[in-house]
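Worksheet: one structure, shown below.
The values are calculated or read from the model by the stated rules, or taken from the named source; none is laboratory data. Please read these numbers as outputs of a predicted model, since none were measured by experiment. Methodologically, a virtual Cβ is constructed for each residue, glycine included, from the backbone with ideal geometry; neighbour enumeration extends over all protein chains shown.
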Amino acid sequence: GVVAVMGNNYKAPYHQPKYEPEIPACSKNTTKNWCLEDSEYPAYEVVYELDKHYEAVVALYKNVVAETANSVDTLSKLEQETYLCPSETSYVQPLRAVNTKGKWRVIINKVESYGIKYDQHARIEECE
């Protein structure tokens with residue numbers, strides 16, 4: 001930024017506002033809608049916000065863990081499955097992903113706040 005001092009007039013330095021890119025750098029070398037590696041992952045900012053909103057986050061996290069503890073198991077009990085292609089299933093920990101509105105978003109993953117490790121896994125099934 002530039003600081004201009006003329007007489008008694010002081011102009012504060014100009015700071016570029018922080019801009020969240022529409023398409024993150026981690027998506028450039030993949031056709032997938034998620035990134036498992038992200039050199040620009042804002043870990044400091046994520047942990048700062050988790051610390052700041054500790055009580056609300058812990059309450060939400062406990063509800064999600066309770067409601068989804070067996071969700072992966074129920075997938076094997078589906079009837080009338082249709083296979084479109086030979087596929088491979090994996091469990092991943094994305095750091096960014098495209099939401100239902102087509103926007104890239106940061107995912108809280110692989111971070112720790114107040115001794116709680118926030119790890120989220122997603123079941124991915126891809127055609128071979």
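So how many residues does segment 83-118 have that are outside any strand (DSSP E or B), modelled with pLDDT under 90 and not aromatic (F, W, Y)?
Of the residues in segment 83-118, the ones outside any strand (DSSP E or B) are 83-86, 93-95, 99-103, 107-110, 114-115.
Filter once more, so that each one left must be modelled with pLDDT under 90: 83-86.
Now narrow it down to the ones that are not aromatic (F, W, Y): 84-86.
Qualifying residue count for the region: 3.
List every residue pair whose Cβ atoms lie under 9 Å apart, where the two residues are 6 or more positions apart in sequence or sit on different chains, the first residue falls within segment 27-44 and is touching a residue at least 12 places away in the same chain (Cβ under 8 Å) and outside any loop (DSSP other than H, G, I, E, B), and the second residue, located anywhere, is surrounded by 11 or more Cβ atoms within 10 Å (Cβ to Cβ) and among the basic types (K, R).
Within 9 Å, the pairs are S27/R96; W34/R96; C35/R96; A43/K110.
Could you tell me which residue of segment 92-116 is surrounded by the most Cβ atoms within 10 Å (Cβ to Cβ), considering only residues that are in contact with a strand residue (DSSP E or B) (Cβ under 8 Å, 6 or more places away or on another chain) and without any contact (Cβ under 8 Å) to a residue 12 or more places away in the chain? So that I can check it myself, show each step before the final result.
Looking only at segment 92-116, we keep the residues that are in contact with a strand residue (DSSP E or B) (Cβ under 8 Å, 6 or more places away or on another chain), and these are 92-99, 104-112.
Remaining after also requiring without any contact (Cβ under 8 Å) to a residue 12 or more places away in the chain: 99, 105.
On the way: N99: 10, R105: 12.
Taking the candidates together, the pick is R105.
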